[in-house]
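One structure is given below, encoded as structure tokens.
Taken together, the values in this text are just the output of simple stated rules run on the coordinates, not laboratory data. Every value quoted in this text rests on a predicted model; they were computed, and no experiment measured them. For neighbour counting, all protein chains shown are included, and Cβ atoms are generated from backbone atoms with ideal geometry for every residue, glycine included.
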Amino acid sequence: KIKKKNLYKSNFNIVVHESNLPKGRGFSPMTWQILEGKNKIPIVLFQADLKIDTGKILLRDIIKLRGDELCYEWRKIQGIKTIDLCLQFTKNMKTIVGVKQKKLKATYYSRRTQNDSIIDINKSIKEQFNLLRVVDNKNYPAFFKYKNNIYRLKIEKI
């Protein structure tokens with residue numbers, strides 16, 4: 001969230017967000033959509049506003065995934081697309097006109113925590129593959145509880 005006094009220091013305060021705003025406001029939208037099974041993730045560049053994720057949309061695009069990318073892979077794709085949108089904006093900022101977000105009911109993603117990386121030992125790996133795709137082996141590793149113990153899982157392509 002940007003304070004009002006800071007918001008007005010610049011002509012443009014742009015934010016990149018991976019959702020089809022106003023749907024998917026909030027935290028970790030890319031992660032939540034991968035967990036939902038989506039492989040086409042909307043990404044927008046918008047003008048920051050006093051309220052979170054409510055500003056005018058400046059550019060839209062799509063991040064396309066195959067469905068097997070692990071965290072470090074899809075984050076790289078996300079980063080490249082973010083840079084592309086920012087470069088498009090800087091090259092064309094004089095002609096880009098912001099569009100108000102549609103008056104649809106907004107939805108919000110919550111902040112992810114370590115507990116969002118828990119594996120259900122009664123489900124198959126296939127059923128939980130998207131969860132394994134979004135875990136960060138270092139900061140938010142997958143884990144499960146069994147017989148009063150906690151076990152950490154690490155996923156990597158070989």
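A few notes on this one:
- Compared with the alpha-carbon gap, the fully stretched path from Phe143 to Met93 is longer by 13.5 nm at 0.36 nm per residue.
- For the chain, the C-alpha radius of gyration divided by 2.2 N^0.38 Å, with N the number of residues, is 1.20.
- Cα-based reach from Lys4 at 23 Å (exclusive), listing lysines while leaving out same-chain residues under 8 positions away: Lys51, Lys56, Lys100
- Convex hull volume per residue, computed on the Cα atoms of the range 25-113, equals 112 Å³.
- Residue ranges 117-129, 41-53 sort as 41-53, 117-129 when ordered by packing (mean number of other C-beta atoms within 10 Å per residue, highest first).
- In degrees, nearest ten, helix 71-92 long axis to first principal axis of the chain (Cα): 0
- Gained length - Glu73 relative to Lys51, 0.36 nm times residue gap less alpha-carbon distance: 4.8 nm
- Low-density loop positions, GluC sites (Glu not before Pro), the range 30-82 - DSSP coil, at most 12 other Cβ in 10 Å: Glu36
- Between the beta carbons of Tyr8 and Asn115, assuming R0 = 22 Å, the FRET efficiency works out to 0.05 to the nearest 0.05.
- Around the amide H of Tyr109, modelled in the peptide plane, lie the amide H atoms of Arg25, Gly26, Phe27, all under 5 Å away and 5 or more residues distant in sequence or on another chain.
- Fraction of antiparallel bridges per DSSP, the chain only, in percent to nearest 5: 85
- Computed over the chain: relative contact order in percent, which uses C-alpha pairs under 8 Å that are six or more apart: 24
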